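Where a number appears in this text, it was derived from the coordinates with a stated rule and is not lab data. Note that this is a predicted model, so its numbers are computed, not measured. Every residue, glycine among them, receives a Cβ derived from its backbone with ideal geometry; neighbour counts consider all protein chains shown.
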Amino acid sequence: MTARIYCPTKNAMQSGMKNTHQWVLEYIAEKGKNLDPLMGWTGSSDMDGQIRLKFASKNDAVSYAKRNSIAFEVTEPKTRKVKIKAYADVFAYRG
């Protein structure tokens, strides 16, 4: 069973950066999900897919995985490009 360690990205529906400074360890699904033909629900017999552990730093998550003999892969977060904007730029003449 392989785990994935990553830092989650910002939610697209909000402008805040909450919950983006912690690292997450979750297992990669080995089996696909199955569809119930009667109700249309999706289900899985893979219980490890429900485990999601949060850590304060990448080193904490990596040391936890090593301590418990969990195979893992680390995905580094992408850097955010900040574009500084002013309200007056909306009305600026660019001819």
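Descriptive notes on the structure:
- Cα-based Lys proximity count in region 1-85, under 21 Å, for pairs eight or more positions apart or on separate chains: 16
- Where labels lie 7 Å past Cα in the beta-carbon direction, separation of Ile28 and Lys10 in nm: 2.9
- Pairwise FRET efficiency - Val74 versus Met39, Cβ, R0 = 41 Å, nearest 0.05: 0.60
- Between Lys31, Lys83, Lys18, the GNM of the chain built on Cα springs shorter than 10 angstrom shows Lys83 fluctuating the most.
- Cα long-axis angle, helix 58-67 against the chain (0 to 90 degrees, to the nearest 10): 10
- Listed residues Lys81, Lys58, Lys33, most fluctuating in the chain (Gaussian network, C-alpha, under 10 Å): Lys81
- Options (i) 1.16; (ii) 1.60; (iii) 2.10 - which one matches Cα Rg over 2.2 N^0.38 Å as calculated here: (ii)
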